[in-house]
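Chemist: Got a structure for you, written out below as structure tokens; questions coming shortly.
The values are calculated or read from the model by the stated rules, or taken from the named source; none is laboratory data. Since this is a predicted model, take the numbers as computed values, not measurements. No Cβ is skipped: glycine too gets one built from the backbone with ideal geometry, and neighbour counts run over all protein chains shown.
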Amino acid sequence: MRRMAIHAGMSVLSSSRMLRAHLVIVLVTLSFTACGEATKDLASDTPWVTAVDSTADTIVVRIAGEIPERLHRTLVPDLRIGAEDGVEETTFGNILAVHPTRDGGMVVYDQQVPAVRMFDAQGDFVRNMSTKGGGPGEFSHLSGMTALPDGRWVLWDAAGSRLNIHALDGTYERNVKLFGGRTFGQGMLFSDVSGHLYMDAIVWRDPADRSKSKRGLIRLDSAGTVRDTLQYPDWGDAPREMKAGTPDGGSTITWGVPYTPSSVTALLRSGGFVSGPSAPYRFYILRGDGARPIRVEREHVPVAVSEDERTYWTAQIEKAMRDVEPAWRWTGAPIPEYKPAYRDIFVGLDGRIWVQLETLAEPIPEDELAPLKPGQLESSRRRTRTREVYDVFTGRGALLGRVVVPRSMSVNTARGDQVWGTVTDASDVPYAMRAKVEPAFPRD
């Protein structure tokens, strides 16, 4: 489990408490134009209908109607960096992050090397921004990286309890020692348009029961000084979890029940949150500028959990639990019949909101199935896969359209009609890529 010691002087702000004070909603069917909440230049012939109520403390955006397949958008790469058998700088093993640079290039974190590498707009190698080590600008464990508004880069070396600051061109400038504690993970450092940094961490623990905790963000200024903390909103019931442990209590394992609804939260560029319960299809835009919250509701038909998915996850969980507690039996909540509406949310660099949907399982062709490992049961081999699909919204909750990501690609971040992420070839070799959304979204 990722853990961090929290500075004694921090104040904890509960976004969930603020929400409960404001979510008094009166639903009135109005158009964007009638409410003065219009989003300019959105296509007028879209098959979905949007109604807005701006009369209460919370603005409510209700979206009805499906997006037909003929209107689905896709991604077309216009820059791909990598090689199956090339020079060291362009041969990747396990890409965990791809970020755009101001000049159209990209910064790529390859965990296998490990190294953070910078490339220019033509895909040519510029420099190693950082590599594994304990020296100036190096890292022992990279828990996240982000770009500040002025173009400087910040890398969080969790094992070294420091932030490494790099110039616009990737050269190392200095480091900032953190207040203590270490949180290990990936993609856990963020920034906003004001230059504040945010570190994903545990921000509260029950003093009477240290196993009870709340996650959120520690907010720092660019000098590394802690300003405050923000607790992630909580939605619905507590997560359904299963636990196993050795008789002496020396080793324990916790696993959430697959496909159960859970709170999903992403940081807005304004410093606020976009957050929701994952089921039903609903999320809140909680802007950090004091503006009224926006609640977005979307019609949605739940997707069924397939029997292959149920079998696979049951086998995975039972093996993991019995490795710790041999007599363990599944006595908790069962895997649900239906999946939540969405599994994740990220906010693009332009403020657009990308909601990753839960999708139907599709069979993996026999010639693409992973070979069984020695001693592995057939039930524990993954036989299905799902598509990476996003509904994309403006920062005010208007639906722009749907992006169906090609099967070989995965999205890391986006800005306008460009995205950055990874793509794999037929030999499963990873490449860093920049791609365009086609056809382009209407202007917002």
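Chemist: Restricting attention to the stretch 399-416, which residues are surrounded by fewer than 20 Cβ atoms within 10 Å (Cβ to Cβ), touching a residue at least 24 places away in the same chain (Cβ under 8 Å) and either part of a loop (DSSP other than H, G, I, E, B) or over 19 Å from the mean Cα position of the chain (by Cα) (or both)?
Modeler: Once the filter is applied, which keeps residues that are surrounded by fewer than 20 Cβ atoms within 10 Å (Cβ to Cβ), touching a residue at least 24 places away in the same chain (Cβ under 8 Å) and either part of a loop (DSSP other than H, G, I, E, B) or over 19 Å from the mean Cα position of the chain (by Cα) (or both), the stretch 399-416 yields 406, 416.
Chemist: Within the stretch 267-296, take every residue that is surrounded by fewer than 19 Cβ atoms within 10 Å (Cβ to Cβ) and either at pLDDT 95 or above or hydrophobic (A, V, I, L, M, F, W, C) (or both) and give me the one that is farthest from residue 64 (Cα to Cα).
Modeler: Per the stated criteria, the residue is 291.
Chemist: Is at least one residue of the stretch 210-217 in contact with a strand residue (DSSP E or B) (Cβ under 7 Å, 6 or more places away or on another chain), of a type outside the set (Lys, Arg) and either at pLDDT 90 or above or part of a loop (DSSP other than H, G, I, E, B) (or both)?
Modeler: Within the stretch 210-217, one or more residues are in contact with a strand residue (DSSP E or B) (Cβ under 7 Å, 6 or more places away or on another chain), of a type outside the set (Lys, Arg) and either at pLDDT 90 or above or part of a loop (DSSP other than H, G, I, E, B) (or both).
Chemist: Quick one: residue 126 ticks every box in (1) of a type outside the set (Ser, Thr, Tyr); (2) within 25 Å of the chain's Cα centre (by Cα); (3) within 20 Å of residue 105 (Cα to Cα) except a single one, so which number is it?
Modeler: For residue 126, the exception is condition (2).
Chemist: For residues that are assigned to a loop (DSSP other than H, G, I, E, B) and in contact with an Asp or Glu (Cβ under 9 Å, 6 or more places away or on another chain), scanning just the stretch 74-91, find the one that is surrounded by the fewest Cβ atoms within 10 Å (Cβ to Cβ).
Modeler: Out of the qualifying residues, it is 84.
Chemist: Suppose the filter is out of contact with any helix residue (DSSP H, G or I) (no Cβ under 7 Å at 6 or more places or on another chain), closer than 28 Å to residue 62 by Cβ and surrounded by fewer than 17 Cβ atoms within 10 Å (Cβ to Cβ); does residue 236 pass it?
Modeler: Criteria met by residue 236.
Chemist: Still on this structure, I have one more. Out of all the residues in the stretch 161-186, which are in a loop (DSSP other than H, G, I, E, B) and modelled with pLDDT of 90 or more?
Modeler: Residues satisfying the conditions are 161, 167, 168, 169, 170, 171.
Chemist: Is there a residue being at pLDDT below 50, under 24 Å from the mean Cα position of the chain (by Cα), surrounded by 14 or more Cβ atoms within 10 Å (Cβ to Cβ) and assigned to a helix (DSSP H, G or I) anywhere in the stretch 22-30?
Modeler: Within the stretch 22-30, none of the residues are at pLDDT below 50, under 24 Å from the mean Cα position of the chain (by Cα), surrounded by 14 or more Cβ atoms within 10 Å (Cβ to Cβ) and assigned to a helix (DSSP H, G or I).
Chemist: So, one more: Does residue 229 count as modelled with pLDDT of 90 or more and buried (at least 18 other Cβ atoms within 10 Å of the Cβ)?
Modeler: yes
Chemist: Here are some residues: 266, 304, 291. Which one is more than 23 Å from residue 333 (Cα to Cα) and without any contact (Cβ under 8 Å) to a residue 60 or more places away in the chain?
Modeler: The match here is 291.
Chemist: Check residue 222 against each of (1) hydroxyl-bearing (Ser, Thr, Tyr); (2) assigned to a strand (DSSP E or B); (3) out of contact with any Pro (no Cβ under 8 Å at 6 or more places or on another chain) and name the one condition it does not meet.
Modeler: Of (1) hydroxyl-bearing (Ser, Thr, Tyr); (2) assigned to a strand (DSSP E or B); (3) out of contact with any Pro (no Cβ under 8 Å at 6 or more places or on another chain), only one is false for residue 222: (2).
Chemist: Residue 358 - would you say it is of a type outside the set (Lys, Arg), exposed (fewer than 12 other Cβ atoms within 10 Å of the Cβ) and either modelled with pLDDT of 95 or more or in contact with a His (Cβ under 9 Å, 6 or more places away or on another chain) (or both)?
Modeler: no
Chemist: Let me ask another. Would you tally the residues in the stretch 117-146 being in contact with a Lys or Arg (Cβ under 8 Å, 6 or more places away or on another chain) and among the aromatic types (Phe, Trp, Tyr)?
Modeler: 2
Chemist: Scan the stretch 92-110 for residues that are crowded, with 17+ Cβ neighbours inside 10 Å and assigned to a loop (DSSP other than H, G, I, E, B) and jot them down.
Modeler: Result: 92, 101, 105.
Chemist: Going by the structure shown, is residue 401 touching a strand residue (DSSP E or B) at 6+ places or on another chain (Cβ under 6 Å) and over 30 Å from residue 93 (Cβ atoms)?
Modeler: So residue 401 passes the test.
Chemist: Listed residues 317, 335; which is farther than 30 Å from residue 413 by Cβ, part of a loop (DSSP other than H, G, I, E, B) and touching a residue at least 40 places away in the same chain (Cβ under 8 Å)?
Modeler: Just a single option satisfies the conditions, and that option is 335.
Chemist: I want to confirm something. Restricting to the stretch 238-271 and keeping residues that are within 17 Å of the chain's Cα centre (by Cα) and assigned to a strand (DSSP E or B), which single residue is farthest from residue 394 (Cα to Cα)?
Modeler: Among those that are within 17 Å of the chain's Cα centre (by Cα) and assigned to a strand (DSSP E or B), it is 264.
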